[in-house]
1. Regarding residue 60, is this residue within 13 Å of residue 132 (Cβ to Cβ), surrounded by 14 or more Cβ atoms within 10 Å (Cβ to Cβ) and modelled with pLDDT of 90 or more?
2. Where the second residue is surrounded by fewer than 13 Cβ atoms within 10 Å (Cβ to Cβ) and assigned to a strand (DSSP E or B) and the first is at positive phi and at pLDDT 95 or above and lies in region 125-144, which pairs have Cβ atoms under 9 Å and are six or more apart or on separate chains?
3. Out of all the residues in region 85-132, which are farther than 14 Å from residue 64 by Cβ, buried (at least 20 other Cβ atoms within 10 Å of the Cβ) and in contact with a helix residue (DSSP H, G or I) (Cβ under 7 Å, 6 or more places away or on another chain)?
4. Do we find a residue being touching a strand residue (DSSP E or B) at 6+ places or on another chain (Cβ under 6 Å), modelled with pLDDT of 95 or more and farther than 20 Å from residue 56 by Cα anywhere in region 158-166?
5. Could you please find all residues in region 99-116 being assigned to a strand (DSSP E or B) and closer than 12 Å to residue 151 by Cα?
6. Residues to consider are 34, 28, 43; find the one that is more than 14 Å from the chain's Cα centre (by Cα), under 16 Å from residue 94 (Cβ atoms) and modelled with pLDDT under 70.
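The values are calculated or read from the model by the stated rules, or taken from the named source; none is laboratory data. Remember, it's a predicted structure, so these values are computed and weren't measured experimentally. Quick reminder, even Gly has a Cβ in these numbers, built from the backbone with ideal geometry, and neighbours come from all protein chains shown.
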């Protein structure tokens with residue numbers, strides 16, 4: 001049963017991504033991280049809210065969060081949207097990777113280790129979509145989440161970590 005919901009979620013999310021950027025909820029100043037410009041990151045094509053930007057080993061990482069349930073509500077006429085109320089995952093976490101020359105990274109394995117406010121963990125593998133790497137994530141607990149990212153591409157290994165607050 002869980003597998004069915006994951007498959008339905010991924011299909012619905014793919015449908016969402018194919019509709020373009022109509023539903024993007026950008027609210028932050030995406031060009032800056034801690035007062036400095038993030039070179040090589042163009043957020044105009046990224047869906048969701050930009051929640052964190054970082055630079056690691058010459059790579060720029062831009063994290064965007066998409067509220068799955070809010071997206072399902074916008075797709076009320078979709079015959080598969082009725083399953084959204086039973087979904088365990090609440091959001092979709094995307095990371096967009098850009099190399100030092102400003103080119104998007106397309107070939108990589110990306111995983112997240114999310115430490116929930118209560119200390120439990122979510123281990124998530126992402127998939128490449130729309131120029132980034134994404135995975136469904138459960139953010140139902142209130143408090144601070146620690147999000148650790150591991151990127152492997154050939155001989156390149158990138159590790160990143162940040163905190164995200166849910167009120």
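1. Against the criterion (within 13 Å of residue 132 (Cβ to Cβ), surrounded by 14 or more Cβ atoms within 10 Å (Cβ to Cβ) and modelled with pLDDT of 90 or more), residue 60 qualifies.
2. That search, which allows pairs on different chains as well, returns 143/165.
3. First, the residues of region 85-132 that are farther than 14 Å from residue 64 by Cβ: 85-90, 99-103, 105-109, 111, 113-125, 127-128.
Filter once more, so that each one left must be buried (at least 20 other Cβ atoms within 10 Å of the Cβ): 89, 105, 114.
Hit for region 85-132 is 89, nothing else.
4. Scanning region 158-166, I find at least one residue that is touching a strand residue (DSSP E or B) at 6+ places or on another chain (Cβ under 6 Å), modelled with pLDDT of 95 or more and farther than 20 Å from residue 56 by Cα, so the answer is yes.
5. 109, 110, 111, 112, 113
6. Just one listed residue meets the conditions, 28.
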